[in-house]
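Here's the structure we're looking at; comments come further down.
FYI, it's all coordinate maths here, none of it is from the lab. Please read all numbers here as calculations on a predicted model, not as lab measurements. All Cβ positions, even for glycine, are placed from backbone atoms using ideal geometry, and neighbour counts span all protein chains on display.
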């Protein structure tokens, strides 16, 4: 047993239960994340983090311009993500370079936010959650899927997207990395919102036992340290 030497005991902050949401492009990860947000989870979107780190003249901005050239910079100094996407989604080597440059910065920021969070449940939404190494930071991994036809239709609804660009983005996303990864929950998001909401609710109820188990473990650890 460890005895606390101070009279003013400061209990350690309880770490959040982290759910990682991943899946191929246009599978509906954000839909599932939104449904979990409505249940009280705090969502960390890796793509939003990426955008926030791309401010003009930032370290990440300079690295991308150095690798991909000034054509990816708009007149206002912002990175033209559409132009960058057109470059990398037709060139696997370029896509690998983009991941190599961006993943460390995004992962570091997400880990900082996890460490600072006071919310009991966090959701990390990332298309390359496994490839970036973030899967080691989650307590449960949720995989969101949808059939190729549905994904194509969703991509085509996005501004500036044509079929050639949509298919290039679908083809550029390898799924083999997930074959050797343990997935706790798989949500088929090919149908309507009602069906997806029911699937999410079922998975959420099942995950409650994991939440309670983690909370009990945290409590037992605290009691051991301060007894």
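Given their separation in residues at 0.36 nm each and the Cα-Cα distance between them, residue 53 and residue 147 gain 30.6 nm when the chain is fully extended.
The stretch between residue 205 and residue 112 holds 30.7 nm of extra length on full extension. This uses 0.36 nm per residue minus the Cα-Cα distance.
Once a ≥ b ≥ c are taken as the square roots of the eigenvalues of the Cα gyration tensor of the chain, is the result rounded (a/c under 1.5), prolate (a/b larger than b/c) or oblate (a/b not larger than b/c)? Cα axes put the chain in the oblate bin. Using R0 = 35 Å, the C-beta based FRET efficiency linking residue 94 and residue 184 works out to 0.60. Please determine, in degrees from 0 to 90 and to the nearest 10, the orientation of helix 92-116 with respect to the longest principal axis defined by the Cα atoms of the chain, where the helix direction is its Cα long axis. It is inclined by approximately 30 degrees. Scoring 161-170, 130-139 by mean Cβ neighbours within 10 Å over their residues and listing the highest first yields 130-139, 161-170. Counting only DSSP beta bridges with both residues in the chain, the antiparallel share comes to about 5 percent.
In percent, rounded to a whole number, the relative contact order of the chain is 37, using alpha-carbon pairs under 8 Å and six or more apart.
Does anyone have the angle between helix 193-226 and the longest principal axis of the chain? Alpha-carbon axes, 0 to 90°, nearest 10? Taking Cα atoms only, the helix is inclined about 40 degrees. Once the Cα-Cα distance is subtracted from the 0.36 nm per residue extended length, the residue 194 to residue 37 segment shows a gain of 54.9 nm.
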